Amino acid sequence: MTKSRIAFVDTETTGLSLDDDIWEFAAIIREPDGTEHEHHMFIQHDYAKCSALPEPFLSDHRARFAPGEAAKPQAKAAREIAEILSGHPHIVGAVPNFDTERIAILLRRHGLEPGWHYHLIDVEAMAVGWAHGVFRQCADQLAARGLPHDVVDQGPTLVTALPWNSDLLSGALGVDPGAFDRHTAMGDVRWVRAQYDAMTKAPVRELLAKVHVGHGADQGPRPAEEGRADA
C-alpha cells in the first residue's frame, strides 16, 4: 500500500502547442487506502484553435464536445482541477508532462498553483524498463535450465525500439490497448491505470509462471519439458 495519493491523468487539447487549450480533462484519484474516485469535465475553449486538428481528432472533438452548460468555464475548471490534484499526488500518465504543463498554464492563468508532486510517472518509460528487466530474467532462467532463450533475448529490442510504440509497449504488459476508448480523456486514463497496475502487481512472477520457469529453485523441468527444443 502506497502512502501517497496517485492521480492517473489525461487531457484532450486543441493542439500540441503550449498556447492550445484543454477541452477535456479526466483523472482517477487512488487514495493511499486503495479507494478510487473518477473526475471528468469538458472545458470551454477557443473553437478556432481546433481547426488545425488532424483526423480523427477533429471529428472526435466535433462529436463529443458538449458546449453550453455541460462545458465548464475555464476559471471554474481551473479551481476544480486544482482541488482534484491537491495534496501532492503523484501524477501517472502517458507522457504526463504534456498534460501537467498545460494544466499548470490553465491554473496559473487563474491565480492558482499546481499542487502535485514534482516526480511525474510515465507509464511508457516504466514499460521500457519493465520489458528489459522481465525479458532478461526470463532469458536467464531459461538459460539456467538449458532451454532455448533466443526469442526472449530479442524481446527488449523488438518492444522498445525507438521511436516507442505505445500500443506495442502496452501489449507487452498484457494490456490490450483496443479494450479502451482511446483518445478520450477518461478512456486514456483507464488505459494508463491498467498499464501501471500491470507493472506493479507481481508481473515478473506471473510472467515467469507462464513460461514454466517460476516453480522454485529446487524443481527441475517438468517431464513434458525434457528435451523440448521449442519450450
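Structure data summary
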{"item": "Thr11 being polar (S, T, N, Q), modelled with pLDDT of 95 or more and surrounded by 13 or more Cβ atoms within 10 Å (Cβ to Cβ)", "result": "yes"}
{"item": "Selection from segment 5-26 of residues that are assigned to a loop (DSSP other than H, G, I, E, B), closer than 19 Å to Lys49 by Cα and charged (D, E, K, R)", "result": "Asp19, Asp20, Asp21"}
{"item": "Any hit, segment 49-64, residues being crowded, with 18+ Cβ neighbours inside 10 Å and part of a strand (DSSP E or B)", "result": "no"}
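The values are calculated or read from the model by the stated rules, or taken from the named source; none is laboratory data. All figures in this text were calculated on a predicted structure; none of them were measured in a lab. Neighbour counts are summed over all protein chains in view; Cβ atoms, including those assigned to glycine, are modelled from backbone coordinates with ideal geometry.
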